[in-house]
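Asks: Structure in structure tokens, see below.
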Amino acid sequence: MNVLGIETSCDETGVAVYATDAGLRAHALYSQVALHAEYGGVVPELASRDHVRKLLPLIRQTLGEAGLRVEDLDGVAYTAGPGLVGALLVGAGVARALAWALQVPAIGVHHMEGHLLAPLLEDPALRPPFVALLVSGGHTQLVAVEAIGRYRLLGETLDDAAGEAFDKTAKLMGLPYPGGPQLAALAEQGRPGAFRFARPMTDRPGLDFSFSGLKTQVLLAWQGSDQGEQTRADIARAFEEAVVETLAIKCERALEATGHDTLIVAGGVGANRRLRAALEAMTARRGARVRFPRPAFCTDNGAMIAFAGALRLAAGLHDDAAVRVHARWDMAGLPEVRGGRG
Ligand code: ATP
Ligand code: MG
Ligand code: FE
């Protein structure tokens, strides 16, 4: 079964084809980062319009790279939420129209399930149960995954998401938008121990997170410093270490609490090198294991949507013909995927 995947939940247009027998056949991504840079953040209306401009050319390009004609598609998967409603509607509308014209089933995919399943796209032998750490621009969650589609929230952020904290911290030290990856790059030049910030909420039991206070600590340290290049790198390093250690502590607790020995990590912050190393070390020490997607599949992409949709379509799940999207959407309400993998 050849499934076309379409991602348009925010500022990335992602398209891919996943074949249930042959795996990922092609994927393409167009990022709107340059478009939104001068505003310092994503402008929803501009994002929607740019998806309109880019989606059909990207679908043609992806099909071409896969060596497929549009008639070779057996199903269409699209991100139906959570995300920006106007942006989501572009992908949903195109996906629905295509499925209707081809008379094939289509399914609305939960964007965070897409992120969560990305490590399985990379390693077909991975199976639940496991603990998932979702660390993206809008979410920081620990989820117990008993089966594909059966998700139990263990803990989440009470304020900023980890990616959001990276982006806001970068901004307050004057780094250009989007700052998260740049802050991480700068941290490589930082000297260990030059600054130290708190590990929020690790001093009490529980699996929730809070990152907004860290931002304030960084602001005070930055304002009270010489604001030189080395200082900025030193602060970036201390900030990154605080976030990474906090995430690692909570991941270990989640493994402990569930008794699972596999941790999977997904979402943009999963691309962070120090986080990857810290979680490798923590799981190795416990005799457990951790799996990540390649960095390009940590951030938004069409491949994860094609894959998540293909698992559901192959199990006989699909949606009716209405174009429906959700700005907010609880992953715990998703139906379990039975009969497929997992
Ligand atoms: P959501 O998936 O919650 O809707 P999103 O789609 O915007 O949010 P992603 O695309 O998964 O989020 O990830 C983007 C986030 O990841 C940004 O906040 C970005 O700063 C962060 N990020 C990307 N690379 C790195 C890195 N190397 N280190 C730290 N953060 C990073
Ligand atoms: Mg993005
Ligand atoms: Fe995302």
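The values are calculated or read from the model by the stated rules, or taken from the named source; none is laboratory data. A quick note: this is a predicted structure, and the numbers were derived from the prediction, not measured. Please note: Cβ atoms are built from the backbone with ideal geometry, for glycine as well, and neighbour counts cover all protein chains shown. Heavy atoms of the whole protein, side chains included, go into the accessibility calculation; ligands, DNA and RNA do not. Shrake-Rupley method; radii C 1.70, N 1.55, O 1.52, S 1.80 Å.
Asks: Pick from Val15, Val33, Val42, Val3: which is out of contact with any Pro (no Cβ under 8 Å at 6 or more places or on another chain), of a type outside the set (Phe, Trp, Tyr) and within 14 Å of ligand 2 (Cβ to nearest atom)?
Replies: Val42
Asks: What about Phe166, is it outside any helix (DSSP H, G or I), buried (at least 21 other Cβ atoms within 10 Å of the Cβ) and not small (Gly, Ala, Ser)?
Replies: no
Asks: Among the numbered criteria (1) out of contact with any Pro (no Cβ under 8 Å at 6 or more places or on another chain); (2) without any contact (Cβ under 8 Å) to a residue 60 or more places away in the chain, which single criterion is violated by Thr62?
Replies: Looking at each condition in turn, Thr62 falls short on (2).
Asks: With the requirement that a residue be among the small types (Gly, Ala, Ser) and open to solvent by 70 Å² or more (accessible area, probe 1.4 Å), what does segment 315-342 give you?
Replies: Matches in segment 315-342: Gly339 only.
Asks: May I ask you to list the residues in segment 1-35 that are away from ligand 1 (no atom under 15 Å from the Cβ) and among the acidic types (Asp, Glu)?
Replies: Asp21 - this is the single residue of segment 1-35 that is away from ligand 1 (no atom under 15 Å from the Cβ) and among the acidic types (Asp, Glu).
Asks: Which residues, counting only those in segment 290-311, are open to solvent by 10 Å² or more (accessible area, probe 1.4 Å) and away from ligand 2 (no atom under 15 Å from the Cβ)?
Replies: If the condition is that a residue be open to solvent by 10 Å² or more (accessible area, probe 1.4 Å) and away from ligand 2 (no atom under 15 Å from the Cβ), then Arg291, Phe292, Arg294, Leu311 are the ones that fit.
Asks: Considering only segment 25-38, I want to know if a residue exists there that is within 18 Å of Gly81 (Cβ to Cβ) and either in contact (Cβ under 8 Å) with a residue 24 or more places away in the chain or out of contact with any Cys (no Cβ under 9 Å at 6 or more places or on another chain) (or both).
Replies: No, there is no match, as no residue in segment 25-38 is within 18 Å of Gly81 (Cβ to Cβ) and either in contact (Cβ under 8 Å) with a residue 24 or more places away in the chain or out of contact with any Cys (no Cβ under 9 Å at 6 or more places or on another chain) (or both).
Asks: If I filter segment 270-283 for residues that are in a helix (DSSP H, G or I) and within 16 Å of ligand 2 (Cβ to nearest atom), do I get at least one hit?
Replies: yes
Asks: A further question follows. I need the full set of residues from segment 141-159 which are under 15 Å from the mean Cα position of the chain (by Cα) and open to solvent by less than 10 Å² (accessible area, probe 1.4 Å), in order please.
Replies: Result: Leu142, Val143.
Asks: Please pick out the residue among Ala281, Ala266, Ala303, Ala271 that is within 15 Å of ligand 3 (Cβ to nearest atom) and out of contact with any strand residue (DSSP E or B) (no Cβ under 8 Å at 6 or more places or on another chain).
Replies: Ala271
Asks: Consider Ala47 carefully, then state whether it is under 20 Å from the mean Cα position of the chain (by Cα), under 21 Å from Val323 (Cβ atoms) and either within 15 Å of ligand 2 (Cβ to nearest atom) or without any contact (Cβ under 8 Å) to a residue 60 or more places away in the chain (or both).
Replies: When the stated conditions are applied, Ala47 passes them.
Asks: Oh, and also: Right, Leu84: under 17 Å from the mean Cα position of the chain (by Cα) and either within 16 Å of ligand 2 (Cβ to nearest atom) or hydroxyl-bearing (Ser, Thr, Tyr) (or both) or not?
Replies: yes
Asks: Now a separate question. Which one of Pro124, Pro200, Pro128 is in contact with a helix residue (DSSP H, G or I) (Cβ under 7 Å, 6 or more places away or on another chain), outside any helix (DSSP H, G or I) and either under 25 Å from Leu29 (Cβ atoms) or away from ligand 3 (no atom under 16 Å from the Cβ) (or both)?
Replies: Within the list Pro124, Pro200, Pro128, the selection yields Pro200.
Asks: Of Gly224, Gly206, Gly138, Gly114, which residue is within 15 Å of the chain's Cα centre (by Cα) and open to solvent by 10 Å² or more (accessible area, probe 1.4 Å)?
Replies: Only one candidate qualifies: Gly138.
Asks: Further, regarding this structure: Are any residues in segment 249-276 more than 17 Å from Leu183 (Cα to Cα) and open to solvent by 60 Å² or more (accessible area, probe 1.4 Å), and if so, which ones?
Replies: Arg253, Glu256, Ala257, Gly259, Asp261
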